[in-house]
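The values are calculated or read from the model by the stated rules, or taken from the named source; none is laboratory data. Source: prediction; values computed, not measured. Positions of Cβ are backbone-derived with ideal geometry, glycine not excepted, and every protein chain shown enters the neighbour counts. Note: areas computed on protein heavy atoms with side chains; ligands, DNA, RNA excluded. Shrake-Rupley method; radii C 1.70, N 1.55, O 1.52, S 1.80 Å.
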Amino acid sequence: MLAYMIRRLLYAIPIIIGVNILTAALFFYVNTPDDMARKILGEKNITPQAIENWKMDHGYNFPAFINTKEKGAAVVTQTIFFQKSVPLLWFDFGRSDRNNIDIGAEIRQRMWPSLFISLPTFAIGVTLDLFFAMMLAYYKGTYIDFLGLVAGVVLMSISSLFYIITGQYVFGKALRLFPISGYDTGIHAFKFVVLPVIVGIMSGIGAGIRFYRTVFIEEIGKDYVRTARAKGLPESAVLFKHALKNAMIPVLTNVVVSIPFLFYGSLIMETFFAIPGLGNFTIQAIQSQDFAIVRSMVYLGSLLYIAGLILTDVSYTLVDPRVKFE
Amino acid sequence: MPVIFATDLIVYILFAGAFYFMLAVRKEGMLKEAWKDVKKRRLAMVCLSVLAAYSIVALADSIRWRDPIRNESGRPALSPSGGYIYSAEALSILDRALSRIRLENEKTYSAPLSSHLYVKESIELPDGRVAREYPPLRYPGAHILGTDKVGNDILYIALKGVRTGMVIGAGTTIVIIPFAIFFGVIAGYYGGLIDDIVQYLYTTLASIPGVLLIVAFMLLFGSSGYQGGLIRQSDLVLQAFVPNDRLFWLCLILGVTSWTDLCRLIRGETLKLRELEYVQASRAFGVSRRGIIYRHIVPNLMHLILITFVLQFSGLVLAEAILSYIGIGVGPQMWSWGNMINTARLELSMEPVVWWNLLASFVFMFGLVLPANIFGDAVRDALDPRLRFK
Amino acid sequence: MDIPVLEVKDLKTYFRTQRGIAKAVDGVSFSIPEGSTFALVGESGCGKSLTALSIIQLVPGPSGFQAGGEILLKGRPITRLTEHGKREIRGNKVSMIFQEPMTSLNPVFTVGYQTAETIRLHRKKSAAEARAAAIEMFGKVGLPEPQALFDEYPHRLSGGMRQRVMIAMALACKPDLLIADEPTTALDVTIQDQIIRLIKELKDSMKMAVLLITHNLALVYRNAENVCVMYAGKVAEMTSTDELFRNPMHPYTVKLLRSMPGYEKRGLMLDTIPGSVPPATNYPVGCRFAGRCPREMAGCATIKPALAERAAGHFVSCHLHDSSFMSKPCSKPIMCEPDKVPPAPALNAIKKPLLDVRNLKTYYTVRKGLFKRVKGYVRAVDGIDLSVRKGMTLALVGESGCGKTTAGKSIIRLIRPDSGEIVFNGENIASLGERALRPMRSRAQIIFQDPYSSLNPRMMIKDAIEEGLKTLKPDLDRAARLDKTARVLERVGLAPEMMHRYPHEFSGGQRQRIGIARALAVDPEFIICDEAVSALDVSVQAQILNLLKSIQRESGISYLFITHDLAVVEYIADEIAVMYMGKIVERGTTDAVFSNPVHNYTKKLLSAIPTLPPGMSWKLPGKM
């Protein structure tokens, strides 16, 4: 098991390096530090000297990938890539371009509000999806199934912006049940969390139910289900024991990969509901064109995705006896 | 003088593709059977007609030309060299057909079908007194869905949004199909090192969060529009062609982020097809690899591509609205439902509430996405061999 | 003893389909006394499996439903029970085992758990008691180390062992009736034999009744007391097994028996049934065999024959045995087929070898670890020697996984062999490049097993056949290619106009003909038939075997027949090579190998084939 985990982590290394190089190329080569300086300094203040000063202050005064002026190891180390991107590999995110804040500290602090929103959304959402999907599969071919499918397709055809805006309008403004947006610490966070969670569940439930229903129905068509029925098992045991445990395998691919992402929060939700989480942080950075933050967040997102892939593989071995640690 | 945007090509390709499938359905066996299946579902056919209507609006909005400027006498103005002078604005067929509601602007908000503005203004009454009143509209009752803040007709704006939605929904997949097929097929068919490289490539790309990749790209290309680079207007022989279309780049970038799924799907299918007996038979005839890929592999991937196309369509239309809201979408100067929602959001907090702008955009979007989802299901059910032979 | 274990009365199971009601089972009646095996035989689509599912009340809904009839289990009507009552019978009084042992067990539960589950469910025992009972059952079905096996997952067991687990599970509650739906079809010959013996032993020791469903008449002969031949949802003929094989009375049964390949029929053409089974949505009004029957009379197509006892204990549903029908003036015989099958003309075999394979080795590498280093080899083909003579047929026989298909593909270079020589027409082609192989490609071709994946569904038949011509005979012009295509289609018994159709418009047998036509189009001298008739029903198989044989007589093509079906081998092969674990263990003429097998594996293989006793010949009923 341990050897398997280590091997799986080793597989992730080339991908992480690939991501690192790709983001560096995007942020240092296609969009040069000069461009960044111009954007941040503003159109009025641009002089070649101001740009140089800005680059010096923020550590961008090197060539992008290869420094021909230096000798030995410095050819590689005295570059923006090595100074700015390589430290990401050991989670040194550096400081932001605009306000010189410590990005790493910011991330550690902001991931908790993100988690408070995304974790309940995810946990309740997946549970509801699975529950309704199993119901539809159980009543397959009946009116309940038909109505459920229709409801699913209608729900997933509605823009999530609609859920957010009407949710805020109805619950926040008209009924005054919850605050429209905002956040607080500790126990007071609860009243701010409810509305985003409801909206988050609503916007995902249509697609979720339909997807899991397909998974269940495919599972129900298999030979072993016929065997289980021929044994005389009641339909509930056939579905909720035999079929469900098998259906967990495709469900896991879909679910586990997104668990690490819960730290990341949701870009849309957090902006609309003014949650001071990582999603909000990213959007703010985008709008203020702070590339150091955007770069860190892109990299962090990739890391979380890769972590999700590894988690998925590991969870397979727990559910599917056919998968061995190889 | 005709003007072709890069995104117009996407609409043309969409129509060419639809036409191709129409011909293929008449001719070929398997597709014909699948089509029969789809045709049996009345709901799917209703949805198809709705989609067709949207497509026609998009097409009408994608054929455009610039008119010569006319002088006071009504004759075309001539430049010193003797040529026509064209107006800077290229109007599409749709613009021309809707010229009445396009041009009949009001001052500011007005509710659907109302005769007065929605905002009170100080009006000088005939007797000289000044009162705060709802002023009458210039064109009372003409605005079926009302007008927005600057008095534009909402129906017109929503209809203009159709093209944007269709281009995003269809264009993104169209742009990536050639790449996905190419990489998926060579990875699946040749295997070995090529397979490893392609797999590494798409795992790496897939691991970068899609939204952030889009963000990064859009930042580089600027929030106001494409800032030149890969193709310049002056590089083109065809002067009528406009490549620096922000919408086009958005399609391309959305394509890059959603490319990996289709590529992985195609790779897997190719691995399966490669071992099938008809491919083996073809190899036994000494047919070259390229011949096999061209004749046996790619045609048998078409159902996957069609399924992906229809299933991705609705998701992409919805994504456009979200991206436009974050400010990395099609850009504020473009008509789109996302922009409509973005502006309408603030109108909800006004007193009294301006609701028609928001409602119109959601209804138009829903009217495209719901039929696309239902029709997509029907297409998948008819084409997916796993479902088909059950 | 008086009450039969199972009594089925006028059972009707229908399906709602887009083309109307499919009458899959349409009025079937039979009964099974205690301690006996009753066989339900028929070709695919005749309704035999659905009859079984109806008995256990598991017809897949909501499209399938029971439209009528009664099922009595020891006199108790089970169709009228509540769902709860039915569940108490399933797995308890009536058990069922299925064709696919690989997929019939739940992959995520241990085999022991799945077996004990049944016991706990019906016997209300504690987990520990159920465990003991399951382990005891595992021992009874001959599974090694039942204790250890209890905690194994299905994927760790072989197909034969899984089928034993299925049997243990089915018999755990000592049912009155065991339904075995093609229990051995998916297994290798030697395992088949073991499983069928096991079922027979357990039937005797547990005094239960068995309903054996199979398409294999030879299997029925030794393993069932009574047999019922089904055709198109109805019973065609029903009697004791001895009586059926001694005196088959329905023309369909006779045709079926005569189309079975075997040693006796060497040198003869096999009998075939023209046409195909009518679709279940659209049966003929009268006798359902009308239109395909060699003894059809006026009136057969419009008047339904009744299932009646025409000899002691022998029920037939055919007008030929109905004297009142025969005496009617309208019923003059109008269709007659000669009773004798024409002998195939002998071939003057040339003894010169066309293909000589020496010490051929094809290994698959096993790569593992981070850098995918080669960690070992699977020796799929491990040094085999073969030779095929001009105009002769060599059968390469072996069970699944023995490497026979890899060997075949290596010989025509679809797979690159690792070492050895393949001398084809005097030239060693083992290591030639693809370009240098071109001349060989037109002389050596291959026909595949699965008629559904052997043709590209997106390609017209014409294009599929022309593909080889375009590559290998580039000097032919369009007209010449079309002409050639038409001729090969005619040669395989299809109308040339069919070339403009797509594969989905053809039946399995027709597709196999098209596959043969595609190979023939480039005028090969040598064809590899890779399980080419294994997926076909026996009557269609007979047609294809006849076709292959007549092509050989006419044009002197050599075949390498790769198969696991020894009955086919006996019938068609001149020489045999028996393959086992990548090696050839025995070679010789068919006569020599069958009459005097030397290697132990060959002996085991030969003794396992279900056969009919020699010297049986069957005559069509009615006068010429």
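Any idea which of (1) more than 12 Å from chain B (Cβ to nearest Cβ); (2) surrounded by 15 or more Cβ atoms within 10 Å (Cβ to Cβ) is the one A:Met156 doesn't satisfy?
It is condition (1) that A:Met156 fails.
Hand me the list of strands (runs of 3 or more DSSP E) wholly inside segment C:548-618 holding 3 or more residues that are open to solvent by less than 30 Å² (accessible area, probe 1.4 Å).
Numbers: elements: C:558-563, C:575-580, C:583-589.
Qualifying strands (runs of 3 or more DSSP E): C:558-563, C:575-580.
Yes/no per residue for (1) modelled with pLDDT under 90; (2) of a type in the set (Val, Ile, Thr); (3) more than 23 Å from C:Leu355 (Cα to Cα):
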site: C:Ile527; (1), (2), (3): no, yes, no
site: C:Ser539; (1), (2), (3): yes, no, yes
site: C:Ile544; (1), (2), (3): no, yes, yes
site: C:Gln552; (1), (2), (3): yes, no, no
site: C:Ser558; (1), (2), (3): no, no, no
site: C:Val569; (1), (2), (3): no, yes, no
site: C:Ala577; (1), (2), (3): no, no, no
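Between a residue in segment B:102-128 that is within 20 Å of B:Trp355 (Cα to Cα) and any residue that is open to solvent by less than 40 Å² (accessible area, probe 1.4 Å) and of a type in the set (A, V, I, L, M), which pairs come within a Cβ distance under 6 Å, given they are 6 or more apart or on different chains?
Here the result reads B:Glu106/B:Leu137; B:Tyr109/B:Val354; B:Ser110/B:Leu117; B:Ser110/B:Leu137; B:Ser115/B:Leu137; B:Tyr118/B:Ala111, each pair linking segment B:102-128 to a residue that is open to solvent by less than 40 Å² (accessible area, probe 1.4 Å) and of a type in the set (A, V, I, L, M).
Among (1) outside any helix (DSSP H, G or I); (2) without any contact (Cβ under 8 Å) to a residue 40 or more places away in the chain; (3) polar (S, T, N, Q), there is one condition C:Thr103 misses while meeting the rest; what is its number?
The single condition C:Thr103 does not satisfy is (1).
A:Tyr316 versus (1) part of a helix (DSSP H, G or I); (2) open to solvent by less than 40 Å² (accessible area, probe 1.4 Å): which is the lone unmet condition?
(2)
Within segment B:26-135, considering only strands (runs of 3 or more DSSP E) that don't extend past its boundaries, which have at least 1 residues that are surrounded by 15 or more Cβ atoms within 10 Å (Cβ to Cβ)?
The qualifying strands (runs of 3 or more DSSP E) are B:64-68, B:86-92.
Out of (1) closer than 30 Å to C:Ile516 by Cβ; (2) within 14 Å of chain C (Cβ to nearest Cβ), the odd one out for B:Ile305 is which?
The number of the failed condition is (1).
With B:Arg64, B:Arg138, B:Arg102 as the choices, which residue is over 29 Å from B:Thr7 (Cα atoms) and out of contact with any Cys (no Cβ under 8 Å at 6 or more places or on another chain)?
B:Arg138
Would you point out the residue of segment A:181-226, among those that are within 14 Å of chain C (Cβ to nearest Cβ) and open to solvent by less than 60 Å² (accessible area, probe 1.4 Å), that is nearest to A:Thr166 (Cα to Cα)?
Restricting to residues being within 14 Å of chain C (Cβ to nearest Cβ) and open to solvent by less than 60 Å² (accessible area, probe 1.4 Å), the top hit is A:Ile217.
May I ask you to list the residues in segment C:448-457 that are facing another protein chain (nearest Cβ under 7 Å) and touching a residue at least 40 places away in the same chain (Cβ under 8 Å)? Before the answer, list the steps.
Going through segment C:448-457, the residues facing another protein chain (nearest Cβ under 7 Å) turn out to be C:448, C:450, C:453-457.
Answer for segment C:448-457, where residues must be facing another protein chain (nearest Cβ under 7 Å) and touching a residue at least 40 places away in the same chain (Cβ under 8 Å): C:Phe448, C:Asp450, C:Ser454, C:Leu455, C:Asn456, C:Pro457.
Considering only segment B:174-189, state which residues are in contact (Cβ under 8 Å) with a residue 60 or more places away in the chain and open to solvent by less than 60 Å² (accessible area, probe 1.4 Å).
B:Ile174, B:Val175, B:Ile176, B:Ile177, B:Ala180, B:Ile181, B:Phe183, B:Gly184, B:Val185, B:Ala187, B:Gly188, B:Tyr189, listed by residue number.
Going by the structure shown, is A:Asn99 farther than 24 Å from A:Ala285 by Cα and of a type in the set (S, T, N, Q)?
no
Are any residues in segment C:228-243 within 13 Å of C:Leu612 (Cβ to Cβ) and either in a loop (DSSP other than H, G, I, E, B) or in contact (Cβ under 8 Å) with a residue 24 or more places away in the chain (or both), and if so, which ones?
C:Thr241
With within 30 Å of A:Asn99 (Cα to Cα) and either under 18 Å from the mean Cα position of the chain (by Cα) or not assigned by TED's automatic domain parsing to the domain that holds A:Arg8 (or both) as the only criterion, which of A:Ala285, A:Ala307 stands out?
A:Ala285
Any chance segment B:338-350 includes a residue that's away from chain A (no Cβ under 13 Å) and under 16 Å from B:Phe364 (Cβ atoms)?
First, the residues of segment B:338-350 that are away from chain A (no Cβ under 13 Å): none.
Checked against the condition, which is being away from chain A (no Cβ under 13 Å) and under 16 Å from B:Phe364 (Cβ atoms), segment B:338-350 yields no hits at all.
Being part of a helix (DSSP H, G or I), open to solvent by 10 Å² or more (accessible area, probe 1.4 Å) and under 30 Å from B:Leu301 (Cβ atoms), is that true of even one residue in segment C:441-456? Let's see the steps before the verdict.
Initially, segment C:441-456 is screened for residues part of a helix (DSSP H, G or I), giving C:441-443.
Right, trim to open to solvent by 10 Å² or more (accessible area, probe 1.4 Å) and you get C:442-443.
With under 30 Å from B:Leu301 (Cβ atoms) added as a condition, the list becomes C:442.
Yes, segment C:441-456 contains a residue that is part of a helix (DSSP H, G or I), open to solvent by 10 Å² or more (accessible area, probe 1.4 Å) and under 30 Å from B:Leu301 (Cβ atoms).
Give me a count of the residues in segment B:190-214 that are more than 31 Å from the chain's Cα centre (by Cα) and surrounded by 20 or more Cβ atoms within 10 Å (Cβ to Cβ).
Within segment B:190-214, residues that are more than 31 Å from the chain's Cα centre (by Cα) and surrounded by 20 or more Cβ atoms within 10 Å (Cβ to Cβ) number 0.
Conditions: (1) closer than 23 Å to C:Glu182 by Cβ; (2) open to solvent by 20 Å² or more (accessible area, probe 1.4 Å); (3) among the β-branched types (Val, Ile, Thr). C:Ile135 meets all but one. Number of the miss?
So the condition that C:Ile135 fails would be (1).
Identify all residues within segment C:492-531 that are open to solvent by 10 Å² or more (accessible area, probe 1.4 Å), in contact with an Asp or Glu (Cβ under 9 Å, 6 or more places away or on another chain), part of a loop (DSSP other than H, G, I, E, B) and at the interface with chain B (Cβ under 10 Å from one of its Cβ atoms); write none if there are none.
C:Tyr502
So, in segment C:254-308, exactly how many residues are more than 24 Å from C:Ala22 (Cβ to Cβ) and either in contact (Cβ under 8 Å) with a residue 60 or more places away in the chain or among the acidic types (Asp, Glu) (or both)? Steps first, answer last, please.
Filtering segment C:254-308 for residues more than 24 Å from C:Ala22 (Cβ to Cβ) gives C:254-255, C:257-272, C:294-299, C:308.
If we keep only those that are either in contact (Cβ under 8 Å) with a residue 60 or more places away in the chain or among the acidic types (Asp, Glu) (or both) as well, we get C:254-255, C:257-272, C:294-296.
Adding up the residues that qualify gives 21.
Of the conditions (1) within 10 Å of chain C (Cβ to nearest Cβ); (2) open to solvent by less than 20 Å² (accessible area, probe 1.4 Å), A:Arg229 fails just one. Which one is it?
(2)
Out of segment B:315-334, which residues are under 16 Å from B:Phe362 (Cβ atoms) and facing chain A (nearest Cβ under 7 Å)?
Those that are under 16 Å from B:Phe362 (Cβ atoms) and facing chain A (nearest Cβ under 7 Å): B:Leu318, B:Ala321, B:Ile322, B:Tyr325.
Among the candidates A:Phe281, A:Phe273, A:Phe240, single out the residue that is at pLDDT 85 or above, crowded, with 17+ Cβ neighbours inside 10 Å and farther than 30 Å from A:His58 by Cβ. Spell out how you get there, then give the answer.
Details: A:Phe281 fails: farther than 30 Å from A:His58 by Cβ; A:Phe240 fails: crowded, with 17+ Cβ neighbours inside 10 Å.
Every option except A:Phe273 fails the conditions.
I want to confirm something. Restricting to segment B:364-378 and keeping residues that are open to solvent by 10 Å² or more (accessible area, probe 1.4 Å) and more than 10 Å from every other protein chain (Cβ to nearest Cβ), which single residue is nearest to B:Asn339 (Cα to Cα)?
Per the stated criteria, the residue is B:Phe364.
Could you tell me which residue of segment B:249-279 is farthest from the chain's Cα centre (by Cα), considering only residues that are buried (at least 20 other Cβ atoms within 10 Å of the Cβ) and either over 30 Å from B:Thr7 (Cβ atoms) or at the interface with another protein chain (Cβ under 10 Å from one of its Cβ atoms) (or both)?
For segment B:249-279, the residue satisfying everything is B:Glu277.
Any residue in segment A:237-259 that's within 10 Å of chain C (Cβ to nearest Cβ): show its pairings with residues that are modelled with pLDDT under 85 and assigned to a helix (DSSP H, G or I) at Cβ separation under 6 Å, as long as the two are six or more apart or on different chains.
Cβ pairs passing all conditions: A:Met248/A:Val319; A:Ile249/A:Val319.
Rundown of residues vs (1) within 14 Å of chain A (Cβ to nearest Cβ); (2) touching a residue at least 60 places away in the same chain (Cβ under 8 Å); (3) open to solvent by 40 Å² or more (accessible area, probe 1.4 Å), yes/no style:
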site: C:Val28; (1), (2), (3): no, yes, no
site: C:Ser63; (1), (2), (3): yes, no, yes
site: C:Ile71; (1), (2), (3): no, yes, no
site: C:Ile78; (1), (2), (3): yes, no, no
